[in-house]
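Let me begin by presenting the structure, written as structure tokens, before commenting on it.
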Amino acid sequence: MSVKTQIEYLRRTLPEGVTLVAVSKFHPVEAIREAYEAGQRIFGESRPQEMAAKVPQLPEDIQWHMIGHLQTNKVKMIAPFVTLIHSVDSERLVAEINRQAERCGRTIDILFEVHLAEDESKSGWNIGELREFLAGGAMGQFTHVRPRGVMTIGTLTDDIELNKSEFRTLRSLFEELREQFGAEFDTVSMGMTSDYSEAIECGSTMVRIGSMIFGERDYSK
Ligand SMILES: *Cc1c(COP(=O)(O)O)cnc(C)c1O
């Protein structure tokens with residue numbers, strides 16, 4: 001199925017209030033252009049270098065989302081143009097995004113990446129750590145970042161009930177934090193190709209879909 005067909009299908013079937021991030025990592029600019037021509041404007045990339053290389057080759061009204069693990073020394077590369085960083089997983093990273101945003105005269109929107117899976121290998125805050133960090137009012141000093149919500153990557157499993165329970169947990173954390181941040185804290189980024197329907201059922205407002213739109217990724221490139 002073509003990229004255009006898939007974009008049109010998603011646009012027709014995603015409920016109102018759910019934003020589609022087309023995850024274009026490892027796919028060439030031609031594929032992104034095809035999605036763009038079908039009306040898609042938000043694209044997600046996981047590697048700063050790849051994103052920075054694609055940006056100048058594509059239309060200026062594209063909104064670029066960073067969804068992959070971000071090292072502090074790479075923030076500089078994307079700070080001039082990135083629209084939303086989904087993968088904010090430490091205070092050090094918040095501080096560096098703030099610093100680079102200020103240098104560019106911008107305010108950058110961020111999501112707190114939350115780690116809900118059992119395995120300890122993945123990145124993201126544990127719920128307790130995030131609550132503790134935010135309760136201290138630590139965000140007050142970072143005037144060039146704007147917290148917009150939370151993000152999680154569901155456990156890689158066939159057990160969809162496990163994913164649903166993770167998604168429900170993230171949604172309720174979001175509601176709790178919204179009390180603190182107010183109405184502009186409006187985003188729950190969860191759901192990918194394999195689990196986006198369940199994520200929406202559990203209160204996702206932003207889905208990150210790659211392979212369903214662009215096909216399999218070739219990691220050898
Ligand atoms: C690659 C990626 C996706 C998209 O995954 P698909 O299974 O191809 O839809 C979503 N979120 C993150 C964080 C990713 O790295």
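The values are calculated or read from the model by the stated rules, or taken from the named source; none is laboratory data. What you are looking at is a predicted structure, and each value in this text was computed from that prediction instead of being measured. FYI the Cβ positions are ideal-geometry reconstructions off the backbone, even for glycines, and counts take in every protein chain you see. All accessible areas refer to the heavy atoms of the entire protein, side chains included, with ligands and DNA or RNA removed. Shrake-Rupley method; radii C 1.70, N 1.55, O 1.52, S 1.80 Å.
Miscellaneous remarks
- Residue within segment 192-204 that is of a type in the set (Val, Ile, Thr) and under 24 Å from Leu93 (Cα atoms) present: no
- Each residue in segment 7-22 was checked for being within 16 Å of the ligand (Cβ to nearest atom) and part of a loop (DSSP other than H, G, I, E, B), and 2 pass.
- Qualifying residues in segment 176-191 (those that are of a type in the set (Asp, Glu) and open to solvent by 80 Å² or more (accessible area, probe 1.4 Å)) - the one farthest from Ile110 (Cα to Cα): Glu179
- Of everything listed in (1) out of contact with any helix residue (DSSP H, G or I) (no Cβ under 9 Å at 6 or more places or on another chain); (2) crowded, with 23+ Cβ neighbours inside 10 Å, the single unmet condition for Leu70 is (1).
- Some residue of segment 173-191 being within 14 Å of the ligand (Cβ to nearest atom) and assigned to a loop (DSSP other than H, G, I, E, B): yes
- Residue in segment 192-210 that is nearest to the chain's Cα centre (by Cα), counting only those that are open to solvent by 40 Å² or more (accessible area, probe 1.4 Å) and within 14 Å of the ligand (Cβ to nearest atom): Met192
- Lys164 in a helix (DSSP H, G or I), open to solvent by 70 Å² or more (accessible area, probe 1.4 Å) and either more than 16 Å from the ligand (Cβ to nearest atom) or polar (S, T, N, Q) (or both): no
- Look at (1) more than 20 Å from Pro80 (Cβ to Cβ); (2) out of contact with any His (no Cβ under 8 Å at 6 or more places or on another chain); (3) of a type outside the set (A, V, I, L, M) and you find that Glu113 fails only one, number (2).
- Whichever residue in segment 23-67 is of a type in the set (Asp, Glu) and open to solvent by 10 Å² or more (accessible area, probe 1.4 Å) and, among such residues, is farthest from the ligand (Cβ to nearest atom): Glu60
- Unmet criterion (only one of (1) within 12 Å of the ligand (Cβ to nearest atom); (2) open to solvent by 10 Å² or more (accessible area, probe 1.4 Å)) for Ile213: (2)
- Residue count for segment 162-221, restricted to those that are among the basic types (Lys, Arg) and without any contact (Cβ under 8 Å) to a residue 60 or more places away in the chain: 4.
- Any hit, segment 83-101, residues being among the acidic types (Asp, Glu), open to solvent by 40 Å² or more (accessible area, probe 1.4 Å), without any contact (Cβ under 8 Å) to a residue 60 or more places away in the chain and within 16 Å of the ligand (Cβ to nearest atom): no
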